[in-house]
Structure formats: structure tokens, C-alpha cells
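What follows is calculated from the coordinates using simple rules that are stated; it is not laboratory data. From a predicted model like this one, the values you see are computed outputs, not experimental measurements. Cβ: placed from backbone, ideal geometry, glycine included. Neighbour counts: every protein chain shown.
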Amino acid sequence: MKLVLYSGGSEEANKDLNLKVLKLVGKENPKLTFIPSSSYDAEIDFKFFVKEFQTLGVERFMYFCVDLPFTKTLLKEVLDSDLIFLGGGNTFYFLKFLKMNKMFTHFKKFLKRGGVLCGLSAGAIVLTPHVHTATFPDFDRDENIFSMKNLNAGKFVNFEFFPHYRNSLRYEKEMIKYSKKSLLPLFALTDGSGLIVEDNCLTIHGGCRIFQHGRMINLSKLP
């Protein structure tokens, strides 16, 4: 299994991580598919995605919206990609349509045949067991626009993921408070950072803190 969870950040900030991702793909001319969290402004997000990887030599791209009707033929083409990248946005909106279209089942098959699955921000959160990290803190959370009760997600990893973490006391307090009631370790990453999961090996790229049972582990110096 090959997964990469991005926190967020600019093209330049993610360049090293993008290079590691392409190395993980291990092909000369890979096909990359971008799945935005919403079809709204999807073309703009796709253009940024293409620009980011074109500078690294990638030439084949496509994008696929899960909140619009699609054919089995199109879905097959998506799953024939070498890399699938889930974009950022509203976590709850994205989760609703991923589950509605049984995309997590398709992603499992994609990973089993050797594909690389990436997610950024909301796209990373939906790969974890549930999306509770999108519900807090009050000053930095997604709106649960569908009032979803079942927040279970992809369950591809056995930890929680908090993107866009900032090195401040108020974030630290919120993470510690949340970790006291969570059974899973919480990885909080700054923008430009990410987690690479290859089989049973987890590699941390960039600034990361782990929160568990009300304690904080500082793994690297944060900006």
C-alpha cells in the first residue's frame, strides 16, 4: 500500500514531497488523476495541480469529479491511473460523495494493484478512520453542511490527521484536549509537510507533532 497525506501549502513548499511521491510511483511517464473535493472551481484546482507536477516532468493528467454523474468507462480510466490525488476543500462534502459512489472500495482495489493514493488537507483526512479532525477547533474547522452523523471514512491508516497545524499555544491546547478522548494517535502537520505510508512503514516529511492521551510529542522543529 502506498499512501501520501499532504497538509497543504504552496507549490514550492511541497516540491520535495512531490518528488518523493513520483519516486514512489516509479514510472517514467505516469498518469496522474486529480479528484477535487467539489466540482465547483474544479478546473482551477486542476490547473494548479497540473502546473505543480508539470514542472517535475509529468505529462499525462486527467481529473474526475465524484459529485457529478460519471460512467463506468470513465471510472475505469481513473482507476487505471498510476497516481490518484484527492484535493482539499470541505471535508464533509467530499466524504458524502466519496461514500455515495463507493470510492473507498475502488481505492482499495487501486492500492492493491500498486497505485499511489494521495490526499491533501480534506483529501488526506478522508483516508483516515473518520473525519473528526475536521470538526474542531471552533476557530478552524469545516462546516458540516449536510449535518452528517456518520463520520466514518476510508480507514486506510490507523491514526488521525490534522492539516494546516500552526505552532501556537491555542492549537496545541486544542490538540491536547482532543487527544484525551481519542483512541488513536493524532498527527498534526504544518503546511509543506506530509506523511508517506508504504506498506507498514510510516515516514514523516517536514514539521509534525503527535498528540496522544493528552500528551504532545514534538518530532521536529516547527516554523
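Shape verdict for segment 1-131, please, from the Cα gyration tensor: rounded (a/c under 1.5), prolate (a/b greater than b/c) or oblate.
rounded
Among DSSP beta bridges whose residues both lie in the chain, state the antiparallel percentage, nearest 5.
Here the share of antiparallel DSSP bridges comes out near 50 percent.
Give Lys31/Lys112; Lys108/Lys180; Lys23/Lys72 a once-over and call out the pairs whose C-alpha atoms are over 20 Å from each other.
As for pairs spanning more than 20 Å Cα to Cα, those are Lys108/Lys180; Lys23/Lys72.
As an exercise, identify the trypsin sites (Lys or Arg not before Pro) in segment 145-223 lying in DSSP coil whose Cβ has no more than 16 other Cβ atoms within 10 Å.
Listed in order of number, the matching sites are Lys149, Lys155, Arg166, Lys180, Lys181, Lys221.
Suppose R0 equals 25 Å. What FRET efficiency, 1/(1 + (r/R0)^6) with r the Cβ-Cβ distance, do Arg60 and Asn101 give to the nearest 0.05?
Efficiency, rounded to the nearest 0.05: 0.60.
So, R0 is 35 Å and r is the distance between the beta-carbons of Leu111 and Leu169; what FRET efficiency does that work out to, to 0.05?
0.35
Mind listing which GluC sites (Glu not before Pro) in segment 51-90 are in a DSSP loop and have 13 or fewer other Cβ atoms within 10 Å?
When the GluC sites (Glu not before Pro) of segment 51-90 are filtered for loop state and at most 13 Cβ neighbours within 10 Å, Glu59 remain.
State, to one decimal in nm, how far the label point of Thr135 lies from the label point of Lys23, with both points 7 Å from Cα in the Cβ direction.
In this crude label model, Thr135 to Lys23 measures out at 3.8 nm.
I want the local charge near Leu75. Using Cβ-Cβ distances under 15 Å, sum +1 for each Lys or Arg and -1 for each Asp or Glu among the other residues.
Combined, the nearby Lys, Arg, Asp and Glu give +4.
In terms of the Cα gyration tensor, with a ≥ b ≥ c the square roots of its eigenvalues, is segment 1-56 rounded because a/c is under 1.5, prolate because a/b exceeds b/c, or oblate?
The shape class here is prolate.
How far apart, in nm, are two points set 7 Å out from the Cα along the Cα-to-Cβ line at Asn152 and at Phe70?
Distance between label points: 2.3 nm.
Only helical DSSP H runs with n ≥ 4 go in: add -39500 (n - 2.57) per run for the chain, normalise by residue count and round the 222 nm mean residue ellipticity to 500 deg cm²/dmol.
Dividing the helical sum by the residues of the chain leaves -8500 deg cm²/dmol.
For the chain, which span is the longest to avoid every loop-located (per DSSP) member of chymotrypsin sites (Phe, Trp or Tyr not before Pro) having at most 14 other Cβ atoms inside 10 Å?
With a cap of 14 other Cβ atoms within 10 Å, the longest stretch comes to 147-223.
Sum up the charges of everything whose Cβ sits under 14 Å from the Cβ of Phe92, counting Lys and Arg as +1 and Asp and Glu as -1, but leave Phe92 out.
Spelling it out: positives minus negatives among the neighbours equals +1.
Please enumerate, by chain and number, the aspartates and glutamates with C-alpha under 20 Å from the C-alpha of Lys15, excluding those fewer than 8 residues away in the same chain.
Cα-Cα hits under 20 Å: Glu28, Asp45, Glu52, Glu59, Asp82, Asp191, Glu198.
Counting only other residues whose beta carbon sits under 14 Å from that of Gly214, what net charge do I get with K and R as +1, D and E as -1?
Every neighbour counted, the sum reads +4.
Sort segment 2-218 into rounded, prolate or oblate with this rule: let a ≥ b ≥ c be the square roots of the eigenvalues of the Cα gyration tensor; rounded if a/c is under 1.5, and if a/c is not under 1.5, prolate when a/b is larger than b/c, oblate otherwise.
prolate
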